[in-house]
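Asker: My questions all concern the structure below.
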């Protein structure tokens, strides 16, 4: 997660150099939610889903989206602390379903594929065309291999390929978890 967050941050610095770190990270991720979604959790509508967790949001209603959560928990904490707050973790790859879950104490559980989604945002970003990486690293979507060394910056082409995906999307509903939630103070 640290390296994937760094990759998005470096991409964001190229795309939005005039913005502050948090704003550019979140904006870059929001610009590529379609790529993030297909690689992380194809059935989740991350554009509409909000997470009742204690992180700052720059959205008008103050309710955090996935960009706020990933910056506030994983990116900011890793840059300023050695450890994540207790309870904020990624589920390991395995037979468990890909999902997001909010525990009673307001902690969020995200699938490990979140890391892959962040990497896709950075790898396919046009700003990164020409980057170099040793051969052998790849991202896999369905039955297709995307060798990173040759796919840097090919966002539009990747979008054409994944546009064939017809997975229905649902907005995450955390229902009662909102009852005790309030926006984190700035």
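Asker: Among (1) part of a loop (DSSP other than H, G, I, E, B); (2) in contact with a strand residue (DSSP E or B) (Cβ under 9 Å, 6 or more places away or on another chain), there is one condition residue 183 misses while meeting the rest; what is its number?
Answerer: (2)
Asker: Every residue in segment 5-41 that is in contact with a strand residue (DSSP E or B) (Cβ under 8 Å, 6 or more places away or on another chain) and not in a loop (DSSP other than H, G, I, E, B), please.
Answerer: 37, 38, 39, 40
Asker: Is it true that some residue in segment 171-178 is more than 19 Å from the chain's Cα centre (by Cα), within 24 Å of residue 110 (Cα to Cα) and not in a helix (DSSP H, G or I)?
Answerer: If we filter segment 171-178 for residues that are more than 19 Å from the chain's Cα centre (by Cα), which is where we start, we get 175-178.
Checking the rest, the ones that are also within 24 Å of residue 110 (Cα to Cα) come to 175-178.
In the following step, the residues that additionally are not in a helix (DSSP H, G or I) were identified as none.
No, segment 171-178 contains no residue that is more than 19 Å from the chain's Cα centre (by Cα), within 24 Å of residue 110 (Cα to Cα) and not in a helix (DSSP H, G or I).
Asker: Filter segment 150-172 down to the residues that are without any contact (Cβ under 8 Å) to a residue 60 or more places away in the chain and surrounded by fewer than 14 Cβ atoms within 10 Å (Cβ to Cβ), then identify the one that is farthest from residue 44 (Cα to Cα). Before the answer, list the steps.
Answerer: So the first thing to find is which residues in segment 150-172 are without any contact (Cβ under 8 Å) to a residue 60 or more places away in the chain, and the list is 150-154, 156-157, 160-161, 163-164, 166.
From what is left, the residues that are surrounded by fewer than 14 Cβ atoms within 10 Å (Cβ to Cβ) are 150, 156-157, 160, 163-164, 166.
Values: 150: 28, 156: 21, 157: 22, 160: 20, 163: 15, 164: 17, 166: 12 Å.
Among residues in segment 150-172 that are without any contact (Cβ under 8 Å) to a residue 60 or more places away in the chain and surrounded by fewer than 14 Cβ atoms within 10 Å (Cβ to Cβ), the one farthest from residue 44 (Cα to Cα) is 150.
Asker: Let me ask another. Give me the residue from segment 22-60 that is more than 30 Å from residue 140 (Cβ to Cβ) and at pLDDT 90 or above and, out of that set, surrounded by the fewest Cβ atoms within 10 Å (Cβ to Cβ).
Answerer: 60
Asker: Here are 95, 64, 134, 85: which of them is modelled with pLDDT of 90 or more, part of a loop (DSSP other than H, G, I, E, B) and over 30 Å from residue 154 (Cβ atoms)?
Answerer: From the options 95, 64, 134, 85, the qualifying one is 64.
Asker: Quick one: residue 144 ticks every box in (1) free of Cβ contacts under 8 Å to residues at least 24 places away in the same chain; (2) farther than 19 Å from residue 115 by Cα except a single one, so which number is it?
Answerer: Of (1) free of Cβ contacts under 8 Å to residues at least 24 places away in the same chain; (2) farther than 19 Å from residue 115 by Cα, only one is false for residue 144: (2).
The values are calculated or read from the model by the stated rules, or taken from the named source; none is laboratory data. None of the values given here were measured: they were computed from a predicted structure. Cβ coordinates were reconstructed from backbone atoms using ideal geometry, including for glycine residues, and neighbour counts include every protein chain displayed.
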